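Working notes, beginning with the structure itself.
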Amino acid sequence: MPVRRLNVCEALTIHHVHELAPELIAAACSGDTLKIDLSGVERIDSAGLQLLALLQREAGECQTRLEFENPSPAVTDLIGFYRLHSVLEGTAGQLRA
Amino acid sequence: MHSALPLFVSECSERLDRLETALLALERDGCEREALDAMFRDAHTIKGNASVVQSGDIEWFAHIVESVLERLRSGNLQADRQLISTLLPCVDHLRFLVSLATQPQAAASVLADEERTRLIGLLVPYLGDDIPQAHGIAALQASGNFWNISVSFAPSVFLQGLDPVYFLRHLQSIGRLIDLKTCLDALPRRQTYEPERCYLGFDIELDSVADKQGIEDIFALVRDACELRITPPQDKNRDFIRLIHSMPAEDLQVGEILVRVGALTADELAEGLRSQRYLVGQSESPLGKVLVEHGFVEPTVIDAALQRQSEMRRTVSQEARQIKVSAERIEELEALLAHVHHGLGRLARECAAGPETWLARQIPALVAQTERAIEISQDIQRVRLGSVFHPLHRLIRDTSHGLGKQADLLVSGGELEVERCVANGLADPLIHLVRNAIDHGVEAPGERLATGKPARGLIKIDAWQENEHLVLAIADDGAGIDRDRVRRAATERGMLSPDTPLEDADLLAMLFSPGFTTAARVTRLSGRGVGLDAVRTQIRALGGDVSVQSFPARGTRFELRLPLKARAAHDAGESSRRHTHH
């Protein structure tokens, strides 16, 4: 099964989600294995985090194996504050079940 | 200016006086639960009222004071001398802020800022590190049970440049986030998802001693773009009920009662009233029911407010209706009446010269009624002597501490009423005499014990009425006036030759001479030789005089005697001044 890799760079904020969302959502619903590298995310806000949560849920619906890789400190900090660690687990848990 | 400001100022002044008295009593007599509760309530009410008149500085600082009092009340702090010495200047600072409240923007705000910084520095040990920013509220001790905050943000907030995380993180400035659940239920499927819309909601448990308004204030910027429910901890509901039952009697609406005790915020009340108006006609919906349905207030709290409201209405209707009016307005009224009285007098004389008419017959009655009106306006301006005595308690405490002495003040006659100008004129002389009593009269504790006296000195002020005179006696149980020193000092100043025989009373009268002092050194308090001379000048300006008696090792007693009527005092003052000029 092909593994698709995507990098999210620099900013995952309200100013960028509009542009980033279509490609990421399409990939999350491809049914492939998708690895999204978050190591380059220097800034993230609630709109960005909301997009990650949506990707995780939609990937689960579409049987896409989604993994978020190397979350940057900015990402883990916001995820930690929102107690949404499960988002970073991707779909591994859901699809196994 | 907020229309409620004059009332706010007068209310606050009363509460701050009470708070100061209670702090002094706390230091002297130790902790009593009820007294601590009352102090806490005063600070809390000042804070609440400040928020009503939108005086953020006062609200913020009163909150800090309230927070310390809360820790004191809950046993986390001891009411030692150091803490009281820190809290008393805080009361002064609040007084200062209240006095600024009626003035146009920030005349003395730099001063206020400096003093606040200084006081916060002193308060740090009592509050921990959590001194809030000037717009925030103190985050304090863990309280054991928690606020529940449920908030969902409107889809538009991201586009307004507002990120929920900002508000949620800000909650940490007023307490500890025990739990935060991010609710993603509103996040739609990808087909209808719009990345720039916000779909987030949160359910938060917060441990904080902040009040409901304080929590709501965190969301102030986004208040119209979120649905917010703040549910107090169970303990808090019990506090609300207790506060409701201890509220002074006023004719208040249920909503106002709830806002005053902090069970309801002003925004919640407004929302409740809007809903109630909307519901009118559909069904009978009392406000209490609407507030419960919205989840703003617990039913038990509503019941308590309704009960208190009916009690208050009974009390208020029983009490005479009272209003607060500024002294200036009454003086203005009195001046006008005096003018009318004068005019009527002239009219009476004109009419007396002419034929007897209906008009001429009416005049004597009008004159009498005007005189009665003047009397009433003078009566209204009378104040209790107690208001002049009040600051002396604090003065004695601070002065004696500064000199390493201990002294108590016992007053009687505080219920006597005098004209405002008499009360004002007495304030400075009393301060002088009380300071003198501590500085020169009352001995240091060791010295007192050695001579068989209690370590704490006693200063007594008695006031009574004798015919048309007011008499005040200010007595201490100190060492008494040292005649030899008075004689020496008078000789040094060339006021007396060394061997002039002099009656005791005449020798003591020299104390009132201009520039006279026996103090070997100039202290912060006395020794500049202006004290007793100034006292006599001020009392004479009120038409009175001052005398002194002193007994070695038993103490000194000053007696002030002045006419009760300001007019008489004024005339006497004038005549004494004329007399002096001759």
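Any read-out appearing in this document is the output of simple, stated calculations on the displayed coordinates, not a laboratory observation. Remember, predicted model here, so these are calculated numbers, not experimental data. With ideal geometry, Cβ positions are generated from the backbone for all residues, glycine too; neighbour counts draw on all protein chains shown.
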So for region B:382-498, using the alpha carbon gyration tensor with a ≥ b ≥ c as root eigenvalues (a/c under 1.5 gives rounded; past that, a/b versus b/c decides prolate or oblate), I'd call it oblate
In this structure, the FRET efficiency calculated for residue B:488 and residue B:368 from their beta-carbon separation, with R0 = 51 Å, to the nearest 0.05, is 0.25
Distance in Å, no decimals, from the C-alpha centre of region B:344-368 to the one of region B:222-263 is 62 Å
Label model pair residue B:417, residue B:159: point-to-point distance (7 angstrom along the Cα→beta-carbon line) in nm is 6.6 nm
Note to self, the protein assembly as shown gives a 222 nm [θ] from helices alone (DSSP H runs n ≥ 4, -39500 (n - 2.57) apiece, / all residues, nearest 500) of -17000 deg cm²/dmol
Taking a crude spin-label model, label points 7 Å out from Cα along the C-beta direction, the residue B:124 to residue B:186 distance in nm is 4.2 nm
The distance between the Cα centres of region B:42-76 and region A:34-97, in whole Å, is 44 Å
Amide H proximity to residue B:183 below 5 Å, modelled H, separation 5+ or other chain, gives B:201, B:202, B:203
Subtracting the Cα-Cα distance of residue B:238 and residue B:424 from 0.36 nm times their residue separation yields 62.5 nm
Computed from the beta carbon distance with a Förster radius of 35 Å, FRET efficiency for residue B:338 and residue B:289 to the nearest 0.05 stands at 0.05
Fewest to most Cβ atoms within 10 Å: B:224, B:251, B:92 sort as B:224, B:251, B:92
Karplus ³J(HN,Hα) for region B:224-235 (6.51 cos²θ - 1.76 cosθ + 1.60, θ = phi - 60°; Hz, whole; x = Gly/Pro) runs 7, 10, 8, 9, 10, 10, 10, 10, x, x, 4, 3
Under 26 Å between C-alpha atoms, the lysine pairs in the protein assembly as shown lying 8 or more places apart or on different chains count 12
Here region B:239-244 yields Karplus 3J(HN,Hα) values (6.51, -1.76, 1.60; θ = phi - 60°; whole Hz; Gly and Pro given as x) of 4, 4, 5, 5, 5, 4
Each label sits 7 Å from Cα toward the beta-carbon; between residue B:29 and residue A:85 the label points are separated, in nm, by 5.6 nm
Between residue B:443 and residues 5 or more places away or on another chain, the pairs with built amide H atoms under 5 Å apart involve B:479
Across A:31, A:40, A:80, the residue with the highest GNM fluctuation in chain A (Cα network, 10 Å cutoff) is A:80
Rounded to the nearest Å, the spacing of the alpha-carbon centers of region B:405-470 and region B:477-516 is 22 Å
When B:40, B:158 are arranged by how many other beta-carbons sit within 10 Å of their Cβ, fewest first, they go B:40, B:158
In this structure, the FRET efficiency calculated for residue B:466 and residue B:117 from their beta-carbon separation, with R0 = 35 Å, to the nearest 0.05, is 0.10
In units of 2.2 N^0.38 Å, the Cα radius of gyration of chain B is 1.26
When chain A is treated as a Gaussian network with springs between alpha carbons less than 10 Å apart, the largest mean-square fluctuation among A:83, A:57, A:43 is found at A:83
Quick note on B:410, B:200, B:36, ordering by fewest other C-beta atoms within 10 Å, gives B:410, B:36, B:200
For region B:14-49 the GluC sites (Glu not before Pro) that pass both the DSSP coil test and the at-most-12 other-Cβ-within-10 Å test are B:32
Whole-Hz Karplus couplings 3J(HN,Hα) for region A:10-21, θ = phi - 60° and coefficients 6.51, -1.76, 1.60, Gly and Pro as x, run 6, 10, 10, 10, 3, 6, 10, 4, 4, 7, 7, 4
Once amide hydrogens are built 1.01 Å from N within the peptide plane, the residues lying 5 or more places from residue A:7 or on another chain with amide H under 5 Å from its amide H are A:37
Heads up, the protein assembly as shown by the C-alpha gyration tensor (a ≥ b ≥ c square roots of eigenvalues; a/c under 1.5 rounded, else a/b over b/c prolate, else oblate) looks prolate
